[in-house]
């Protein structure tokens, strides 16, 4: 286990072996430049890390506990590792030991394997009062995800928020919505949309909604719409305009076009704006925002259809629409987001979620409990 350079980290992610591990954008070196208040470490392991011969890497974010020289170590949707390897101790133990030596008192990871998934058509037909995803038999259960969960539990890791359906203890969404693109034509994608989505895309086209790729200069317009969306939909991301400007600059400095801002204009006014991130053959719709007025011209549907087409044209294997709620109750406000994404014809995927473990002895366990209490008071 060694510290590596950003160039070595990026080279591994771009290599055939690294790309096969399906790293997300939260494990790109640039993400460390986005997060303020954290110290960043880039680690690698393999036959000869110093010479660039790697089999795994990790972006580690370290948050210092005030008044101490100890850190909480967070690997968002990482490490980037071969989770099929039955001998995970060969790299996981050295990773923990390295972080302990760096002063970490606890570690949080986000293993990449999926746990189970549900097809959109199945979920739409089984929605109802009081129902949740856990009440519906999954379309598919991933044996690798099940095996990895068992291995982690056997090694003293615990799932953040427990094994409940919501994943309330996770920093990243436990349930995500993914549209498969590999092997599909644009005609397949169009037919995969439900009737309402196709009607709304046609309506946007008829009304003259124009979708364009914006620039950093358009981020203030995006942020203004985001604040409107937060107020309307009853949530608060707690991010500033500077956060998105920093993210846009960092990700695109790492690779031009890695983060794009899509705008939907109608009669010269931006009515909706969505961000999209690309790493290798994976594309994510990250954040969406829209105005309160002229919603009948369906700017958000037009945006998503354009983004799906662009992801497909770029050769992506999957279009990840990120988080969805675990509720299937149409009377709950959160269900609207799930219903909207179900219309694209993809599937809900429950990831393994995030897992934590203290490292070291009793003192670090006490510090970990104190750190959790500190976070709860913030």
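Laboratory data are not the source of any read-out in this text; all were calculated from the coordinates shown. These numbers were taken from a predicted model, which means no experiment stands behind them. Heads up, the Cβs are rebuilt from the backbone with ideal geometry, glycines too, and the neighbour counts pull from every protein chain shown.
If I model a spin label at residue 82 and residue 97 as a point 7 Å from the Cα along the Cα→Cβ vector, what separation in nanometres do I get?
2.0 nm
What does the convex hull of the Cα atoms of the chain come to per residue, in Å³, rounded to a whole number?
On the way: hull volume 54.5 nm³, N = 378.
So the per-residue Cα hull volume is 144 Å³.
Any idea what diffusion coefficient the stretch 124-194 gets from Stokes-Einstein, in µm²/s, Kirkwood Rh on alpha carbon pairs, 10 °C, 1.306 mPa s?
On the way: Rh = 15.5 Å.
Result for D is 102 µm²/s.
Divide by every residue of the chain the summed helix terms, -39500 (n - 2.57) for each DSSP H run of at least 4, and state the resulting mean residue ellipticity at 222 nm, rounded to the nearest 500 deg cm²/dmol. Working shown, then result.
Values: 13 runs with 136 residues, N = 378.
Counting only the DSSP helices, I get -10500 deg cm²/dmol.
From Cα pairs below 8 angstrom and at least 6 apart in sequence, can you work out the relative contact order of the chain, rounded to a whole percent? Numbers along the way, then the final one.
Details: 696 pairs, mean separation 88.0, N = 378.
That works out to 23 percent.
So how long is each side of the stretch 295-342 along the principal axes, counting just the alpha-carbon atoms, biggest first, in Å?
38, 27, 11
Return the FRET efficiency for the residue pair residue 363, residue 240: r is the Cβ-Cβ distance, R0 is 30 Å, and the value is rounded to the nearest 0.05.
Numbers: r = 36 Å, r/R0 = 1.20.
Once the sixth-power term is evaluated, E becomes 0.25.
Report, in whole Å, the centroid distance computed from the Cα atoms of the stretch 3-29 and the stretch 101-150.
25 Å
In vacuum, with every alpha carbon of the stretch 115-266 counted as one equal point scatterer, what does the Debye formula give for log10 I(q)/I(0) at q = 0.11, 0.18 Å⁻¹? Two decimals, please.
-0.76, -1.38
Cα extents of the stretch 190-263 along the three principal axes, largest first, in whole Å?
Projected onto the principal axes, the Cα atoms of the stretch 190-263 cover 38, 32, 23 Å.
Determine by what factor the alpha-carbon radius of gyration of the stretch 1-139 differs from 2.2 N^0.38 Å, reporting the quotient. Walk me through the intermediate numbers first.
Numbers: Rg = 18.1 Å, N = 139, 2.2 N^0.38 = 14.3 Å.
Compactness ratio reported: 1.26.
By how many nm would the segment from residue 125 to residue 68 lengthen if fully extended, with 0.36 nm per residue of separation less the alpha-carbon distance? It would help to have the intermediate numbers written out before the result.
On the way: separation 57, 0.36 × 57 = 20.52 nm, distance 5.29 nm.
Extending this stretch completely gives an extra 15.2 nm.
Send over the semi-axes of the stretch 1-68's equivalent ellipsoid, whole angstrom and largest first, taken as the square roots of 5 times the C-alpha gyration tensor eigenvalues.
Values: eigenvalues 109, 38, 15 Å².
So the three semi-axes of the stretch 1-68 are 23, 14, 9 Å.
Can you give the alpha-carbon Rg of the stretch 285-373 over 2.2 N^0.38 Å, where N counts its residues?
On the way: Rg = 19.6 Å, N = 89, 2.2 N^0.38 = 12.1 Å.
My calculation over the Cα atoms of the stretch 285-373 gives 1.62.
Would you mind getting the Kirkwood hydrodynamic radius of the stretch 154-240 from its Cα pairs, rounded to one decimal in Å?
Numbers: mean 1/r = 0.0562 Å⁻¹.
Over the stretch 154-240, the inverse of the mean reciprocal pair distance is 17.8 Å.
Between the helical axis of 89-101 and the dominant principal axis of the chain, each derived from Cα atoms, what acute angle in degrees is found, rounded to the nearest 10?
Relative to the chain, helix 89-101 is tipped by roughly 80 degrees.
Could you rank the peptides 219-231, 319-331 by their average count of other C-beta atoms within 10 Å per residue, with the highest value first?
Values: 219-231: 17.2, 319-331: 18.8.
Highest to lowest by the protection proxy: 319-331, 219-231.
Which three extents, in angstrom, do the Cα atoms of the stretch 199-356 have along their principal axes, listed largest first?
Largest to smallest, the principal-axis extents are 49, 43, 33 Å.
By how many degrees, between 0 and 90 and to the nearest 10, does the Cα long axis of helix 143-154 differ from the longest principal axis of the chain?
That works out to roughly 40 degrees.
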